[in-house]
Each structure stands twice: as structure tokens, then as C-alpha cells.
1. Considering only lysines 8 or more places apart in sequence, or on different chains, count the pairs in the stretch 66-145 whose C-alpha atoms sit under 21 Å apart.
2. So what's the stretch 66-145 giving for Cα Rg divided by 2.2 N^0.38 Å, two decimals?
3. Please list, in order along the stretch 140-146, the HN-Hα scalar couplings obtained from phi with the Karplus expression 6.51 cos²θ - 1.76 cosθ + 1.60 (θ = phi - 60°), rounded to whole Hz, x for Gly and Pro.
4. For Asn98 and Lys132, compute 0.36 nm times the residue count separating them, minus their Cα-Cα distance, and round to one decimal in nm.
5. Starting from the Cα-Cα distance between Thr122 and Glu64, subtract it from 0.36 nm times their residue separation and give me the gain in nm to one decimal.
6. For the ranges 82-91, 134-143, 99-108, what's the packing order if you count other beta-carbon atoms within 10 Å of each residue, average per peptide, and put the highest first?
Amino acid sequence: MKRTATTATTVLTALVLAAALTACSSDESTHAAPKKKKPLAAPSTPSPTAVADTEATTSGIPPEPDAAAKLGYLRALTGIDPDIVHGKEDKAVDRGRNQCQTIHNFPKDKPKQAEMAEMRFTSPSHPEGFGKVKAAQIVEAVHTNLCPKF
């Protein structure tokens, strides 16, 4: 019984709304000249590069580097100490992109950037990091190769 009453109420409400909408319309529109509509402009789609730049600027994490930038970055790290990469190139790139966020968030605090790099860049042979001097060099390699705009 309750379901029937609810259904009847719903139907009645729909009929009242339809009648109200019909009453709001007028026949004047059939005699009036049609209004010209402005053409809709096609929505502009930003380029993938623009989207990536915006995301990097907002979050501080740059997009994946292209092959040349990745190679330059890995060579720079290997030049500091071959154990920084220790055969895990993708991991080194991920750590570098995360380090970019630190550079972005603390742009004038070089000691903080180096401290975070020392904690972030570790290896089985260097579980506590590579020391302050190498950490500062890592920050420079990250900044130069992965996020030079920061």
C-alpha cells in the first residue's frame, strides 16, 4: 500500500511539473523571427607539454624525462659515485623527480635540499646516504638535468 501511494505521488508530481512547464511556454515564439545563436567556440585543448609544465609548476614533480635528459642525469649521478644508481636507473630517476619537489618547495634552502637528497639517495652499500658533499652534488645534478626551471 505504501509503495502504491508513493508511486501515485511521484506520478502526480511529474504531471504537475509538466503542466507548469507547458504553461510557461507561449505561442509568441511561433510568430516571432527566430533568434540568431552565437556560434560556440571550440574549446581549446592545451598541449601535453603545457599540461606537464603546469603540473610540474604546481606539484613540483616534473614529468618523466626524455631519453637524452635521462641519460645526462644518470651520467651525472654515476660521475659523482657509481653506487648512487647501482644498476637501478628507473629508481634513480624517480628519486630525482621527488628531489625536484624538494627543490621546488625549498628553493633557497640548499642545506635542506642536500639533507633530503642524503636521506633519499641511498644504496645497499650506503644505507645512510652518500654524505653532505655528494648530496649537494646530487642536488645539482637533479636540478640541472630534471628540473632546471625550478
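Each value in this text was obtained by applying a stated rule to the coordinates, not by laboratory testing. For clarity, every value in this text was computed on a predicted model and none was experimentally measured. FYI the Cβ positions are ideal-geometry reconstructions off the backbone, even for glycines, and counts take in every protein chain you see.
1. 12
2. Normalised Rg, Cα atoms only: 0.97.
3. Using θ = phi - 60°, the values come out as 5, 5, 4, 4, 5, 9, 10 Hz.
4. Extending this stretch completely gives an extra 10.4 nm.
5. 18.8 nm
6. 134-143, 99-108, 82-91
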